[in-house]
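Derivation of every value follows stated rules applied to the coordinates shown; laboratory data play no part. Treat the numbers as computed from the prediction; the structure is a model and nothing was measured. No Cβ is skipped: glycine too gets one built from the backbone with ideal geometry, and neighbour counts run over all protein chains shown.
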Amino acid sequence: MDDVTKEEVDSLEGVGINPTYVANSILRRAFTESIPITPMKLQKLLFFVTCLYQRATRRHLLTESFQPWKYGPVCAAVYDEFKTFGAQPIDRYATDARGLATAVNEAQAPAFAGALDTVWRSMKHCGAVELSRLTHVPGSSWSKAIADHRDFIDNAVMADDHTFDCMLREPKR
């Protein structure tokens, strides 16, 4: 798998990274640790990583905004890539038109790596339904988008979403 280079990460900060690159970074951890990830679980992990990254940096992580679907936030590009798996675990990376899989080089993207580390450590063993319910907590950025009848979840509101902080564990020292 190819990694996004430091130059690409630097040039993309503020405008965002392809959502499938971030999804592949999550999947790389899942495959390495043999933790099954369904499309719905991937969507929720992607959402929480995005919230934490945007909270820490006040910059967009993804080139695409999340939509407030019935079962929680959804990034359409990632949905389209993995929808054939249904409720089954994903067993491959997202690929581009040339068949190449790309992920974020975490060593060269410390803010991203920190957000992913926190979410992965805290939520990797949670089920998709549990994570979906967490996105539905009153006051969450998803619930605000639903209440306001919005087509997309506002990135600034995501950055200020602390409704899932109760799930985040501090690193072991």
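If packing is taken as the average number of other Cβ atoms within 10 Å across a peptide's residues, how do 111-117, 127-133, 146-152 rank, most packed first?
Numbers: 111-117: 19.7, 127-133: 16.7, 146-152: 11.1.
The densest-packed peptide leads the list: 111-117, 127-133, 146-152.
What is the count of Lys pairs in the range 26-135 whose alpha carbons sit under 14 Å apart, if the two are 8 or more places apart or on different chains? Could you put the intermediate results ahead of the total?
Details: LYS41/LYS83; LYS41/LYS124; LYS44/LYS70; LYS44/LYS124.
Lysine pairs meeting both conditions in the range 26-135 amount to 4.
For the range 2-167, compute Rg over Rh where Rg is the Cα radius of gyration and Rh is the Kirkwood radius from the inverse mean 1/r over Cα pairs. The partial results should precede the final answer.
Values: Rg = 14.6 Å, Rh = 15.7 Å.
Rg divided by Rh gives 0.93.
Treat every Asp and Glu Cβ in the chain as -1 and every Lys and Arg Cβ as +1, leave all other atoms uncharged, and give the resulting dipole magnitude about the Cα centre to the nearest 20 debye.
Approximately 600 debye in magnitude.
Give me the distance between the Cα centres of the range 127-170 and the range 40-118, rounded to whole Å.
One Cα centre to the other: 15 Å.
What does the net charge come to around HIS125 if you take all other residues with beta carbon closer than 14 Å to its beta carbon, with K and R at +1 and D and E at -1?
Working: positive: ARG29, LYS41, LYS44, ARG121, LYS124, ARG169; negative: GLU33, GLU130.
After counting each charged neighbour, the total is +4.
Compare the peptides 72-81, 29-38 by average per-residue count of other Cβ atoms within 10 angstrom and give them in order, highest first. Don't skip to the answer; put the middle values down first.
Working: 72-81: 19.6, 29-38: 14.4.
Order by mean packing, descending: 72-81, 29-38.
Say the dipole of the chain comes from +1 at the beta carbon of Lys and Arg and -1 at that of Asp and Glu; which of PHE47, SER122, SER141 then lies farthest toward its positive end?
The Cα lying farthest towards the positive end belongs to SER122.
Can you give the calculated 222 nm mean residue ellipticity of the chain, where each DSSP H run of n ≥ 4 adds -39,500 (n - 2.57) and the sum is split over every residue, rounded to the nearest 500 deg cm²/dmol?
Values: 8 runs with 82 residues, N = 173.
Theoretical 222 nm ellipticity from helices: -14000 deg cm²/dmol.
Suppose a student asked you for the relative contact order of the chain, using Cα pairs under 8 Å spaced at least 6 residues apart; what percent would you report?
Value for the chain: 32 percent.
May I ask you to compute the full-extension gain from ALA147 to ASP165, defined as 0.36 nm times their residue separation minus their alpha-carbon distance, rounded to one decimal in nm? Can you show the working numbers first?
Numbers: separation 18, 0.36 × 18 = 6.48 nm, distance 2.15 nm.
Taking ALA147 through ASP165 to full extension adds about 4.3 nm, to one decimal.
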